[in-house]
Amino acid sequence: MILQSNTQMIDTDEQTIWSNKYVRFFKSTIGIHNTIDHMMGVLLQSLKKLDIAEKIYYVHFLPSDVAEIAYSTDASLVGLKIPFLKTQDLTESTFKVIEEETANFSFDKSARKVIVQAIKTDHSTGLLVKICAEDANIHSAYRYFSLLCKIRFEEIVSTYQTTTDLTELNIRFESILSKSPIPMVFVDESANGVFMNTKAYDLFGFSSDEPVTSQKIAEGFSNLINKLQNKEEVQGRMQELMFSNSIDRWRWKFGLPINRTYNVITQLIHVNSYTGRIWIFEDVTIEEQVEERLQVINHQLIHLAEKERRDNVMKTTFLANMSHEIRTPMNGVIGAVSLLENTVLSNEQFELVNIIKKSGESLISLINDILDYSKIEAGELMIQPEVFSSVELFDDCVDVFYATALEKSIQLRVMLNPNLPVYIKADRNRLRQIILNFVSNAVKFSPNGSWVTIKVSARNIDGKPTLSCKVIDQGKGIEANEQEMIFDRFKQVTNKHSGGTGLGLAICKRLTEMMGGVIGVKSKVNEGAEFFFEVPFENTDSKPILLGDLFTKYANTEACIWTIDSREAVETFDQYFKDKKLELVALSSPEKFFEVPQTPPSIILVDSIQVKGELEKTIRVFRENGISEQTPIVVMGYSHEKETKEYARFGYSDMMIKPLKLKNLMKMVEKWVFKTVVHQPVQQVEENKPQKILADHSVLVVEDNEFNQKILKRILEGVMDEFDIVDTGEKAVAESKNKKYDLIFMDIQLPGINGIMTSKLIRETYQDTDQPFIIALTADVFLKDSTALEEAGFDDYLPKPYRQKEILGKIENYLQRQSHMVL
Amino acid sequence: MFETHQFNPVLDKEFLMENYDTTEYLVEVLGDFLALMPEEIEEIKTAQAEKDKDTVVKKIHAISSAVGFVGGIELSDRMKKFEVKAKTDPDFDITNQESNALVNEIDAFIGIIQEEYNQLS
């Protein structure tokens with residue numbers, strides 16, 4: 001875990017926003033204050049003018065018998081002008097007299113003349129009532145001044161009202177500023193106007209009843225700065241105020257007894273022509289303490305993260321060392337088993353050796369899993385795409401579980417969609433790791449006798465070819481809540497005693513994500529589970545060879561395969577025979593084949609599990625119903641040696657070893673269907689013989705027996721002008737270094753290094769993308785059903801004595817079709 | 001063509017018809033067989049006399065496919081079975097009756113091929 005240093009965790013911008021609000025607030029207050037001052041000035045001027053006008057009016061124009069009374073709309077008396085002697089004082093008694101007189105000026109129109117004028121200002125309305133004797137002489141000048149008075153009066157009322165409102169607002173603003181928890185100081189440019197709120201008083205140490213002046217504030221600042229812990233820094237920065245309006249991030253740190261830290265914001269304020277500087281002291285003591293604490297925690301975390309990283313490195317190193325220590329002897333075991341494999345062994349011994357080898361490899365794979373997770377955690381695992389055979393990948397994965405599946409009678413099948421490219425580019429080892437994990441879990445949690453199906457297809461997601469793989473089991477299923485956490489590391493569900501590290505699915509998830517794919521599970525309790533992943537891959541060619549393309553050669557092969565098998569098994573292969581003349585008829589018992597007319601079979605496949613121990617009877621039913629000995633009956637079963645011995649007496653023709661794999665079926669079809677469909681006239685064979693169009697291809701024959709050389713030479717001469725023949729493995733390797741071969745026919749039993757070793761050495765001399773097709777030619781009965789040939793890198797094999805048609809078929813497959821069929 | 005030719009029953013006529021489309025071709029193959037095999041069978045007999053099991057088994061393996069190529073499919077299969085037995089049984093006696101019978105049978109087979117060669121050519 002890596003942490004960033006976190007010294008900026010307190011958002012100073014946030015503080016500045018608040019300070020700016022205060023500054024604006026203060027500016028508003030000053031503005032209002034100024035406005036009030038201005039209004040007061042206007043009011044005073046108006047009053048002054050009115051006073052002069054009144055004096056003129058009263059002295060010169062107001063008749064002695066006219067009185068003026070102004071009322072506001074709430075009937076309160078706001079003005080009164082009555083004639084009185086200049087020497088007469090305006091006292092309470094005078095007002096009383098006036099009121100009485102006003103009362104006398106009742107609206108008795110017979111005795112008095114009443115003039116009523118409405119007054120409207122921005123803030124109030126009222127009535128100006130002029131009352132006079134009916135015979136009063138109202139001079140025109142009086143009328144003018146009366147009007148003037150009215151205007152002045154309105155002006156006064158309006159200004160007064162505004163001033164009152166503003167003063168109230170100003171009081172409220174000043175009250176807010178005074179009660180603000182943030183100390184604020186304002187000193188105007190002339191140093192005459194100052195403001196300090198209560199908190200500023202406290203900070204500066206002034207008593208509340210003490211009047212403040214600019215001089216006093218200057219002394220206060222000086223005292224304050226002297227108490228600072230960072231006095232020198234503050235004083236230094238104070239100089240900046242000479243050149244700038246404000247200072248950013250200015251911390252004033254007080255030690256005891258104040259023991260506070262302030263973020264000081266100072267700013268020049270210009271309102272109209274009024275200028276001053278405001279000081280705001282934001283208390284950031286707590287924030288700073290938090291900051292300091294966070295810094296300490298951050299340092300601790302960085303230290304811990306570094307320690308964890310070192311521990312991880314140590315752990316990874318330890319695991320790598322341990323894995324190496326375990327892998328070294330395991331490699332010894334596997335190496336020894338490989339040597340043992342090349343010695344003379346019975347079929348059963350061979351299978352057992354094969355199981356030891358596969359299991360050893362699986363153990364190494366497990367060790368690698370642990371190492372991989374450590375590498376993933378440490379970010380050291382890299383995705384390494386390579387070109388590989390998709391068929392081989394999935395078949396290999398199924399082979400690993402041969403023994404386990406056999407033990408639990410679980411039927412494993414791989415359903416490869418014909419749309420799958422034969423060769424893809426992706427990280428083969430990581431995909432294998434995921435598939436093995438899925439299949440391992442499926443086999444582990446599936447009940448005896450059930451099916452585990454691997455469905456593989458290619459599809460396009462967002463323009464990218466994507467490998468889609470589902471591993472479907474018939475186990476107990478997984479609860480919905482468990483599905484969510486099943487890909488978390490160290491989590492195992494359902495059966496706590498199932499073994500394993502609990503890392504498997506977590507690794508799968510991480511690997512899938514690293515490859516840009518998705519992973520998941522669908523399941524219902526008691527209905528099994530479907531684990532799936534989808535991973536993008538690259539095609540090796542703009543028009544890749546699809547698996548279905550490999551079956552086009554069967555398009556015109558008129559043959560029929562009868563099979564007694566389960567629905568699941570037939571599904572596995574049926575998709576490949578669609579639209580082909582090669583027919584697949586699947587029924588559950590031998591008798592059913594004879595209930596309705598069927599196309600005569602070229603080969604009969606019988607699943608030993610499906611007929612449940614009645615193999616002898618099954619074969620007899622076929623033979624007794626007219627199926628001649630010429631039609632091969634191939635038994636499909638798990639155990640080779642045991643069942644071979646047991647079934648030998650029943651008269652079966654061949655055995656196909658389960659798990660069900662496409663290549664196994666194709667091998668049988670190649671071997672038996674091609675053999676059985678050659679009952680055609682030789683003339684027809686001649687027509688089908690490939691023409692000599694193979695001039696661009698080079699072929700090598702490795703065969704020590706002179707007679708066999710001649711046989712093969714004659715066949716090849718029919719389809720190509722040039723090819724090379726050598727009689728030892730050593731010569732073949734040397735030739736391969738000098739010349740690029742497209743196809744090699746390899747005898748296995750050679751003097752010197754054998755054909756298997758020769759093939760391995762030849763493979764090493766070619767680039768991965770430039771490998772020749774190598775077909776084993778063997779009379780060795782041990783090898784024909786073993787995986788040794790595949791593992792040695794052979795693409796195919798033909799048993800001796802082979803037929804001309806078989807050789808030509810291989811040439812057609814591999815050279816004319818330019819497809820690399822993995823069989 | 002040799003479709004009407006009556007082959008010795010030990011030969012798989014179907015195999016021969018399938019593999020060799022003309023009589024000339026078949027005769028050529030049979031001729032090659034006859035040119036090489038007598039020497040091979042003599043070497044087997046010598047190795048057998050010397051109880052050189054390894055050489056006997058290797059030679060049997062080597063010529064088993066040649067025997068098959070000239071139609072001796074059934075004999076070729078038995079030679080393979082013999083090879084398996086000899087390889088898997090460390091105590092297998094290369095001079096035992098079964099071994100001798102097989103060598104004699106191969107010898108006789110060469111004679112049959114010689115007859116066929118004579119008839120066809």
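The values are calculated or read from the model by the stated rules, or taken from the named source; none is laboratory data. A quick note: this is a predicted structure, and the numbers were derived from the prediction, not measured. When we count neighbours, we look across all protein chains shown, and the Cβ atoms used for this are built from the backbone with ideal geometry, even at glycine. Only protein heavy atoms, including side chains, enter the accessible area calculation; ligands, DNA and RNA are left aside. Shrake-Rupley method; radii C 1.70, N 1.55, O 1.52, S 1.80 Å.
Entry remark, segment A:760-797: residues being at pLDDT 85 or above and either out of contact with any Lys or Arg (no Cβ under 7 Å at 6 or more places or on another chain) or surrounded by fewer than 17 Cβ atoms within 10 Å (Cβ to Cβ) (or both) number 5 in total. Before we move on, is A:T328 open to solvent by less than 80 Å² (accessible area, probe 1.4 Å), within 14 Å of chain B (Cβ to nearest Cβ) and without any contact (Cβ under 8 Å) to a residue 24 or more places away in the chain? Taking the combined requirement at face value, the residue does not satisfy it.
The set of residues in segment B:40-52 being part of a helix (DSSP H, G or I), closer than 20 Å to A:G752 by Cβ and not small (G, A, S) consists of B:E40, B:E43. If the condition is being within 10 Å of chain A (Cβ to nearest Cβ), touching a residue at least 40 places away in the same chain (Cβ under 8 Å) and of a type outside the set (A, V, I, L, M), then segment B:32-63 contributes only B:F33.
For segment A:695-785, list the helices (runs of 4 or more DSSP H) that sit wholly inside it and hold at least 1 residues that are in contact with a Gly (Cβ under 8 Å, 6 or more places away or on another chain); which are they? It comes to A:729-738, A:755-765.
Out of curiosity, is B:F92 closer than 22 Å to A:A779 by Cα, open to solvent by less than 60 Å² (accessible area, probe 1.4 Å), within 12 Å of chain A (Cβ to nearest Cβ) and part of a loop (DSSP other than H, G, I, E, B)? Considered against the rule, which asks whether it is closer than 22 Å to A:A779 by Cα, open to solvent by less than 60 Å² (accessible area, probe 1.4 Å), within 12 Å of chain A (Cβ to nearest Cβ) and part of a loop (DSSP other than H, G, I, E, B), B:F92 comes out as yes.
For the subset of segment B:69-89 comprising residues that are touching a residue at least 40 places away in the same chain (Cβ under 8 Å) and part of a helix (DSSP H, G or I), which member is most open to solvent (accessible area, probe 1.4 Å)?
B:E74
I'd like to know if segment A:689-708 contains one or more residues that are at pLDDT 75 or above and closer than 17 Å to B:Y20 by Cα. Yes; the residues of segment A:689-708 include at least one that is at pLDDT 75 or above and closer than 17 Å to B:Y20 by Cα.
For segment A:181-220, the set of residues classified as assigned to a loop (DSSP other than H, G, I, E, B) and not small (G, A, S) consists of A:P181, A:I182, A:P183, A:E189, A:N192, A:N197, A:F206, A:D209, A:E210, A:P211, A:V212, A:T213, listed by residue number.
Among the residues of segment A:439-488, those identified as of a type in the set (S, T, N, Q) and assigned to a strand (DSSP E or B) are A:T453, A:S457, A:N460, A:T466, A:S468. All conditions but one from (1) away from every other protein chain (no Cβ under 12 Å); (2) at pLDDT below 85; (3) surrounded by 18 or more Cβ atoms within 10 Å (Cβ to Cβ) apply to B:Q6; the one that does not is (3). Does B:Y25 meet the test of being among the aromatic types (F, W, Y) and either loosely packed, with under 14 Cβ neighbours inside 10 Å or within 10 Å of another protein chain (Cβ to nearest Cβ) (or both)? Yes. Name the residues in segment A:351-395 that are among the small types (G, A, S) and either touching a residue at least 24 places away in the same chain (Cβ under 8 Å) or within 22 Å of A:T328 (Cβ to Cβ) (or both), would you? Within segment A:351-395, A:S359, A:G360, A:S362, A:S365, A:S374, A:A378, A:S389, A:S390 qualify. The condition (being within 30 Å of A:N192 (Cβ to Cβ), open to solvent by 70 Å² or more (accessible area, probe 1.4 Å), hydrophobic (A, V, I, L, M, F, W, C) and modelled with pLDDT under 85) is satisfied by just one residue among A:M238, A:M242, A:M322, A:M314: A:M242. Remark: B:S99 falls outside the filter, which requires a residue to be surrounded by 19 or more Cβ atoms within 10 Å (Cβ to Cβ), among the hydroxyl-bearing types (S, T, Y) and within 12 Å of chain A (Cβ to nearest Cβ).
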